[in-house]
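Heads up, the thing below is written out as structure tokens.
The values are calculated or read from the model by the stated rules, or taken from the named source; none is laboratory data. In this text, all values refer to a predicted model and were calculated from it rather than measured experimentally. Note: ideal-geometry Cβ built from the backbone for every residue, glycine included; neighbour counts use all protein chains shown.
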Amino acid sequence: MSSAIFISHSSRDSDFVDRLRQSLDAKGYYHLFASRELRSCEESIDAIYHKIETAHAFIVVVSPDAFNSAWVAEETRYAAQVKEQREDDYPVVPLLREGVELGALKWLFIENPLAIRVGKGAAGVKKAMPMILRALGA
């Protein structure tokens, strides 16, 4: 099994995801995949599903823009299926951005998962990083 993390997000959340990736890289724990990069390479949906299946964990950045992305919903639903089928611990970690309330997760998940609220900018990512790492099993 890979030690990679698959990050599903709206392309409009790219700056946030870049800060998140830098923070995770600085901890030295994970090599990351980001869904936007895979789609820009014109990989098939089967290839994206394979990346989700072989990742150590799945992070979904839940923002107002994510709710306008069919890809984020599709990837998140698929990750939830993978979590149900895997015998090992497969963390599916929603990160809530400003403008999204906990109840909105019902659009993406059957059961409300443990979600982590992340504030604006680098300070928000830094403050949330200990909770993110715990959720990922680090």
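Buried (at least 19 other Cβ atoms within 10 Å of the Cβ), charged (D, E, K, R) and either at pLDDT below 90 or within 17 Å of SER8 (Cβ to Cβ) (or both): is that true of ARG77 in this structure? The answer is no for ARG77.
Scanning the stretch 15-55 for residues that are small (Gly, Ala, Ser) and at pLDDT below 90 returns SER23, ALA26, GLY28, ALA34, SER35, SER40, SER44, ALA47. For the stretch 65-80, the criterion of a residue being assigned to a loop (DSSP other than H, G, I, E, B) and under 16 Å from the mean Cα position of the chain (by Cα) is satisfied by at least one position. Scanning the stretch 57-91 for residues that are free of Cβ contacts under 8 Å to residues at least 60 places away in the same chain and farther than 25 Å from LYS120 by Cβ yields a count of 14. Quickly run through the stretch 81-124 and pick out the residues that are at pLDDT 90 or above and either under 13 Å from the mean Cα position of the chain (by Cα) or assigned to a strand (DSSP E or B) (or both). Listed by number, the residues that qualify are TYR90, PRO91, VAL92, VAL93, PRO94, LEU95, LEU96, ARG97, ALA115, ILE116, ARG117, VAL118. Within the stretch 80-99, being in contact with a Pro (Cβ under 9 Å, 6 or more places away or on another chain) and surrounded by fewer than 20 Cβ atoms within 10 Å (Cβ to Cβ) holds for ALA80, LYS83, GLU98, GLY99.
Tell me which residues, restricted to the stretch 58-74, are among the aliphatic types (A, V, I, L, M) and surrounded by 18 or more Cβ atoms within 10 Å (Cβ to Cβ).
Just the residues of the stretch 58-74 that are among the aliphatic types (A, V, I, L, M), to begin with: 59-62, 66, 70, 72-73.
Of everything in the stretch 58-74, those that are among the aliphatic types (A, V, I, L, M) and surrounded by 18 or more Cβ atoms within 10 Å (Cβ to Cβ) turn out to be ILE59, VAL60, VAL61, VAL62, ALA66, VAL72.
Within the stretch 118-133, the set of residues being more than 20 Å from ALA80 (Cβ to Cβ) and not small (Gly, Ala, Ser) comprises VAL118, LYS120, VAL125, LYS126, LYS127, MET129, PRO130, MET131, LEU133.
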